[in-house]
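Heads up: the structure comes next, in structure tokens.
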Amino acid sequence: VGTLCACMLGNKGIRVKVYEFRDDIRKTKVYKGRTINLTISGRGISALRLVGIDDETLKKFTIPVRGRILHTQDGTRRPFPTDRKGRCCYSVTRKVLLETLIAVAEKNPNIQFFYKHKFLRCCFKTGKYQVQGPDGNVIEDKADLLIGCDGAHSAVREQMMNRSRFNYNQSYFEHGYIELCIPPTESGQFAMEPDYLHFWTAKKLLITGMPNTDCTYTLTLIMPFEIFEQTKTPEKLLRLFRENFPDAIPLIGKEKLIADFFNVSPNAMVTIKCNSYHVGDKVLIMGDAAHAMLPFNGQGMNSGFEDCEILSELLSTYNYDLREVLPAFSKCRQKDIEVLCDLSKSAYHAMKQHTSKKFLMRNRLDEFLNKIFPKSWMLLNSEINFSKLQYAKCLARKQAQDKILSTLLWSVSIIGIFVTTAMVASF
């Protein structure tokens, strides 16, 4: 998010300094950050276009994802298309996307990068700030605007929290995750359908699989921390997979599964909400620093990219008057993002229900009504992924439609009971 924001501001002729705590990611041969594969959807694509990454460029370093495939315990695969109109999301690794954005940014003379620099503190009134360089020396400088895009454990947000009337809420998901990998086949091809997000569900467990350009699949195993703690031996791990994800074992390979599982520790997932996103006319937080969320609807990065686009629009709307821009940004995003955080959690439970007959019936009726009334009956996932309608409005429309769906399903049930009763009486 920070690099994209720098690109947008640099394109407006604004001089930007980007301070990165880590080293240049392009110098790292193997990137093992705490990340779940990223999904770029409509909102993210819109923001990338503004900095010159068009659709053709995007396709060069991503894999299109046109739907989901559910792997059941009996080995069958059940597809769920993402969008009736043929639109798709794109799968990309964090490293590749960040390298692409850095390459774009470095072409802009208005943007400077400073790696291995740690943010220390800032003054909310004057815009003065301090960072610590790689040599340990403290550097002091001043900016018209400080933007914290420093992630869920944001140092900028932490300083904002010391102020009065700053609302902050943090909640950890009860499950953790680790990453596994499905390698290519012996012929160098994808081991599964490459244009789908694959997922496996069990009682308290979930695996998602996203394709990569090297024909591998990045798997994310999500389960309660206590199950991670109980799975201490290769035998217990293999038993866990045989009972819940039997067809995943030959895809990963027993030896690779054991090696990858015991080589890492489970990571936590956190939801963060705060209010507001700015202080005065000098400091702003965006992306995960302002609104970290669970990954289950793939909107974490996309909403952060949308932050950048909205900030760029507001700068033009208010003629770069930060006293107007920053409050407008907080007001515009606050409610919307809180709704999205809640939707991200509910998306986890929705994925777990894909084998439910009730879910499947409701889903088919939902899709049927969208087909009959395409302009008035929306599908929540399509609206979130492929429109720019505010998240809060997407949810409001979905809630209104859910009431209609419930009424229709109830009516069908009553009619079914009536017909059955009449048939029995006729005998």
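Miscellaneous remarks
- Ranked list, fewest to most other Cβ atoms within 10 Å of each Cβ, for Asp247, Asp23, Asp288: Asp23, Asp247, Asp288
- Counted over the chain, the DSSP beta bridges are approximately 80% antiparallel.
- By the count of other C-beta atoms within 10 Å, a proxy for reagent exposure, Asp402, Asp55 are ordered fewest to most as Asp55, Asp402.
- Residues whose amide H comes within less than 5 Å of that of Ile139, counting only those at least five positions distant or on another chain, are Val131, Gln132, Gly133 (H built at 1.01 Å from N in the peptide plane).
- Taking a straight line from the alpha carbon of Lys358, these aspartates and glutamates sit under 18 Å away, with near neighbours fewer than eight places off in the same chain left out: Asp366, Glu367, Asp402.
- Sequence-distant aspartates and glutamates (8 or more away, or on other chains) whose Cα lies within less than 17 Å of Lys352: Asp74, Glu174, Glu243, Asp342
- 3J(HN,Hα) along the range 196-201: 9, 7, 9, 8, 10, 10 Hz, from the Karplus curve 6.51 cos²θ - 1.76 cosθ + 1.60 with θ = phi - 60°, whole Hz, x for Gly and Pro.
- Qualifying GluC sites (Glu not before Pro) in the range 161-256, where qualification requires a DSSP coil assignment and no more than 12 other C-beta atoms within 10 Å, comprise Glu186.
- Cross-link reach list, lysines versus Lys254, counting only Cα pairs under 24 Å and skipping chain neighbours closer than eight places: Lys32, Lys203, Lys204, Lys232, Lys236
- Cβ charges +1 (Lys, Arg) and -1 (Asp, Glu), total dipole of the chain, debye: 700 debye
- The packing ranking of peptides 192-203, 299-310, highest mean first, is 299-310, 192-203, where packing means the average number of other beta carbon atoms within 10 angstrom of each residue.
- Each peptide in 145-154, 267-276, 109-118 was scored by the mean count of other Cβ atoms within 10 Å over its residues; highest first, the order is 145-154, 267-276, 109-118.
- Each of Arg22, Arg121 was scored by other Cβ atoms within 10 Å of its Cβ. Arranged with the fewest first, they read Arg22, Arg121.
- With contacts taken as Cα pairs under 8 Å at a separation of at least 6 residues, the chain carries a relative contact order of 18 percent.
- For chymotrypsin sites (Phe, Trp or Tyr not before Pro), the sites in the range 1-100 that DSSP calls loop and that have at most 15 other Cβ atoms within 10 Å are Phe21, Tyr31, Phe61.
- Candidates per trypsin sites (Lys or Arg not before Pro) in the range 367-405, loop by DSSP, up to 11 other Cβ within 10 Å: Lys375, Lys388
- Unsatisfied cross-links (Cα-Cα over 28 Å) in the set Lys357/Lys388; Lys27/Lys331; Lys85/Lys388; Lys12/Lys282; Lys345/Lys403: Lys357/Lys388; Lys27/Lys331
Quick note: the coordinates plus some simple rules give every number you see, no bench work behind them. Just so it is clear, the model here is predicted, and its values are computed rather than measured. So basically every Cβ, Gly included, is an ideal-geometry build from the backbone, and we count neighbours across all protein chains shown.
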